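See below for the structure under consideration.
The values are calculated or read from the model by the stated rules, or taken from the named source; none is laboratory data. All values derive from a computational prediction rather than experimental measurement. We place every Cβ from the backbone using ideal geometry, glycine too, and count neighbours over all the protein chains shown. Keep in mind that these areas ignore ligands, DNA and RNA; they rest on the heavy atoms of the full protein, side chains included. Shrake-Rupley method; radii C 1.70, N 1.55, O 1.52, S 1.80 Å.
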There are 2 protein chains.
Amino acid sequence: MLNFCQMKKETIVKNSRLKALGLKETPARLAIISIFEANHSPLSAEDIWKKIKNKKVNLATIYRNILSLEKGGVLTRIDLRKSSNYYELKDTLHHHHHITCSTCGTFEDIELCDEGLSSKALENSLKFSKILDHSLEFFGICKKCKR
Amino acid sequence: MLNFCQMKKETIVKNSRLKALGLKETPARLAIISIFEANHSPLSAEDIWKKIKNKKVNLATIYRNILSLEKGGVLTRIDLRKSSNYYELKDTLHHHHHITCSTCGTFEDIELCDEGLSSKALENSLKFSKILDHSLEFFGICKKCKR
DNA sequence: TATTTAATTGCGAATAATTTGCATTTGAAT
DNA sequence: ATTCAAATGCAAATTATTCGCAATTAAATA
C-alpha cells in the first residue's frame, strides 16, 4: 500500500471516510466512489457496473457496497419512479433534486433550496421526533417529448 | 347493470372518472379504487391484493390496474424506500407526504403545504417546461425504534 | 516482514417484485 | 341480441436484488 505522502489527496479523504465507517478500502469500493464523484447524477447498480466493467467487479459486490455506503451515509437513494433504484453521493449541506420525464425517463439535476421543510414536517408528526433525510423529486414531460 | 338512480353516489363519481379515462368499470377496478378511498395511506400491490382476496382478483390484474390508474392520474406512486412500490390516490389540490422509519419501516402521513416548490424548480430547469407532479418524502427513526 | 483474522469478494443459485403471452371472459356500444 | 375491444386469470418469463459459501484480501498485530 502507498504511504500517506504518495497518495492522492482525494484518496486520503475517501480512506479516512471509509475508515471512520469501519469499512475497508478495497479497489471495488474506491472505484464505486470515484464513479459517483465523477457523475453528479443518479446512478443505478447496473449503471455503475457498466462503468467499471473492465475492472471486473461483480454486480453483487456493487449491490453490497451500495448498501453499506448508503447505511454509512455516503450515498442516498433517489426515487426516479423507474424499475430500479438510483443513488448519488449524499451532500449533507445542499440537497440535490431532479426532474424526471414521465415519457422518456430522462432526468435533470435541479438546484433548489428547501431548508426548513424537514422541521415543518416534524411539527405535524406524532410518531417521529427526528428527521434524518428527505427526498424531493419532480416529474413532468421534457421539451423533447412534448413536441 | 344498475341504472343511474340505483347507484351509490361515489360509484357514479368513479364511473364517470373511469369513463373519461377510457377505462371500463370492472369489479376489480372498482374494488381497487374503493380500497384506496378507505385507506388514506400508501398501499403496495400486495397490500391491495390481501384486502381484496375474498373477491378473488388476480395479482397480475392488480398490477395492470395500478398501471392504468397511475397513467390516468388517479393514483400516484410513493417512494418509501422499500423493496416494493407504494401508491395512493392522487390529490391534485393537496399533496400528501409521509415520514418513514429507516429502521422498522413504519410510516406516517404528513400534512405539509409545499406550494411554489414546483415553480421554483422549473425556474432552474433547462430541459423541462412543465412539471406535472412531485414527491416529497421524509425519513427518520420513529420514537419506538429510538428507545 | 510474517501471521492472523474478520471483512470482502466472486460465483451461482435463490428470492421478490413485476410483467407478459395467450386463451377466455366481460363491459358497453350498437 | 350481437359484436368487439378491453380486461382478466393463469402460468411462465423477466428484472432487480439478495444470499450462501468457499476463496481471497485488507489491515491490525506480533
Notebook entry, point to check: Between B:Asp114 and the same site in the other copies, what are the distances in nm, shortest first, taking label points 7 Å from Cα along the C-beta direction?
Noted result: 0.5
Next item on the list: Calculate the length of the line joining the C-alpha centroid of segment A:91-117 to that of segment B:32-72, in whole Å.
Entry: 29 Å
Next item on the list: Sort shortest first the distances from B:Leu30 to its counterpart in every other copy, using label points 7 Å along the Cα-to-beta-carbon line, and give them in nm.
Entry: 6.5
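Given the rule -39500 (n - 2.57) for each run of at least 4 DSSP H residues, summed and divided by the residues of the protein assembly as shown, what is its mean residue ellipticity at 222 nm, to the nearest 500 deg cm²/dmol? If you can, show how the numbers build up before the last one.
Values: 12 runs with 112 residues, N = 294.
So the calculated ellipticity at 222 nm is -11000 deg cm²/dmol.
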Check: For the cross-link pairs A:Lys71/B:Lys90; A:Lys19/B:Lys82; A:Lys19/A:Lys90; B:Lys24/B:Lys55; A:Lys82/B:Lys146; A:Lys130/B:Lys90, which exceed 23 Å when the distance is taken from alpha carbon to alpha carbon?
Finding: A:Lys71/B:Lys90; A:Lys19/B:Lys82; A:Lys82/B:Lys146; A:Lys130/B:Lys90
Checklist line | Degrees separating the helix B:59-71 axis from the principal Cα axis of chain B, which is the longest one | finding: 70 degrees
Checklist line | In order through segment A:15-26: 3J(HN,Hα) via Karplus (6.51 cos²θ - 1.76 cosθ + 1.60), integer Hz, x for Gly, Pro | finding: 4, 5, 5, 5, 4, 4, 8, x, 10, 6, 8, 9
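Send over a whole-number figure in Å² for the accessible area per residue of the protein assembly as shown, probe 1.4 Å. Write down the numbers at each step before the final one.
Details: 17270 Å² over 294 residues.
On a per-residue basis, 59 Å².
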Margin query: Tell me the total accessible area that B and A bury against each other, 1.4 angstrom probe, in square angstrom rounded to 100.
Written below: 3900 Å²
Notebook entry, point to check: Binning every alpha carbon pair distance of segment A:7-90 at 10 Å from zero, what are the percents per bin?
Noted result: 18, 55, 25, 2
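How many partner chain Cβ atoms sit within 10 Å of a residue's Cβ in peptide A:114-126, on average, as a whole number?
On the way: counts 5, 0, 0, 6, 5, 0, 5, 12, 5, 3, 7, 11, 6.
Whole-number average of other-chain Cβ neighbours for A:114-126 is 5.
Within chain A, what whole-number % of the accessible surface is contributed by carbon and sulfur, with the 1.4 Å probe and all protein chains included in the calculation? Before the final figure, lay out each step's value.
Numbers: 4720 of 8640 Å².
That fraction is 55 percent.
Nearest 0.05, what FRET efficiency do B:His94 and A:Lys19 give at R0 = 51 Å with Cβ-Cβ as r? Walk me through the intermediate numbers first.
Numbers: r = 46 Å, r/R0 = 0.91.
Computed FRET efficiency for B:His94 and A:Lys19: 0.65.
Antiparallel as a % of all DSSP beta bridges within chain B, to the nearest 5?
Details: 11 of 15 bridges.
Around 75 percent antiparallel, to the nearest 5.
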Notebook entry, point to check: For the Cα atoms of chain A, what angle does the longest principal axis make with the long axis of helix A:27-38, in degrees from 0 to 90, nearest 10?
Noted result: 40 degrees
